[in-house]
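Encoded as structure tokens, the structure appears first; notes follow it.
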Amino acid sequence: MLRALKGYPAAVRLLLFTTFTLTMARAITLPYLVVYLSTHLGLSVGQTGLLVGGAMLLASMLSLYGGHLVDTLHSHTLIVACTLVFAVAFLGIVASTSAALFFCFLVIAYLAQTVVDIAAKAGFCALLPENQRGEVFAIKYTFNNIAWAAGPMLGVLLIEADDHLPFVVSALIGLSLSLVYYRLGERNLLSLREERPAAGFTQYLIGRRITRQHLMPWLMAGMAMFVAGLLGFSVAASAPAWCLAMLA
């Protein structure tokens, strides 16, 4: 993986860094939303689930228009703007005094991250030849999984100091990324209207070997492992068994 990273253009490495760091910023806060909403807004677990799930669903639906923006605007402008919006949204979350405001800012934050993710994928397609795209998508998703694993642990340290701090740190990360990408990002990059490599939905060691001709068997194998993991969770009676199910 390190050898592949060294061989990529600087613009590709910056896109990988941007998506990894923005995912980390979101992962810092996500596990603690239930506690935060219960403490500050008095929501029950069920209400919190509806709020967070609804925000994710609405952001996913709105991301269809985000894809249109990626196809029509310069990626540099879009990524700088969306990382800045991400930062402002998390500051808005901290300042929210009602569930409605919290919901709106959460949707904006999730949507901004999704658009950056789409823009990064388009950037990979524009910057790399087709035979290298599967590998970079696999690296991206490996980095994302690392961010989702490490983010909550960082969130633990932050929330012990102050329960607003994870959101403030996420906002600062978004602001920093906006400034960094404004300074170092590729300004002449235009999105390509072409199919994204499906191999991006795999881990690095597998994804770098997947071709379009063998995509369906790999997808079926991945789905089978996902189902096996869910079944493992349902019968797990100990911490080691739970961890084993997570690997699937």
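Can you tell me the dipole magnitude for the stretch 43-192 around its Cα centre, using point charges on the Cβ only (Lys, Arg +1; Asp, Glu -1), in Debye to the nearest 20?
Numbers: 5 positive and 8 negative charges, 53 e Å.
About 260 debye.
Can you list residues whose amide H is under 5 Å from residue 43's amide H, if they're 5+ apart or on another chain and H is modeled 1.01 Å from N?
Sorted by chain and number, the residues that satisfy this are 38.
Just to check I understand the Karplus step: with θ = phi - 60° and J = 6.51 cos²θ - 1.76 cosθ + 1.60, what whole-Hz values come out for the stretch 30-39, glycine and proline as x?
Working through the residues one at a time gives 4, x, 10, 5, 4, 5, 5, 5, 5, 6 Hz.
Over all distinct Cα pairs, what is the inverse of the mean 1/r for the stretch 92-195, reported as the Kirkwood hydrodynamic radius in Å?
Values: mean 1/r = 0.0619 Å⁻¹.
About 16.1 Å for the stretch 92-195.
Counting other beta carbons within 10 Å of each residue's own, what order do 173, 139 fall into, fewest first? Intermediate results must be reported in sequence, preceding the final value.
Values: 173 20, 139 23.
With the fewest neighbours first, 173, 139 line up as 173, 139.
Based on the mean of other Cβ atoms within 10 Å per residue, sort peptides 35-48, 155-168, 17-30 so the most packed one is first. Show your work: numbers first, answer last.
On the way: 35-48: 14.2, 155-168: 16.7, 17-30: 21.9.
Sorting 35-48, 155-168, 17-30 by mean packing, highest first, produces 17-30, 155-168, 35-48.
A short reminder: the numbers here are calculations on the coordinates, not readings from a lab. This is a predicted model, so every value here is computed, not measured. A quick note on method: Cβ atoms are made from the backbone with ideal geometry, for glycine too, and the neighbour counts reach across all protein chains shown.
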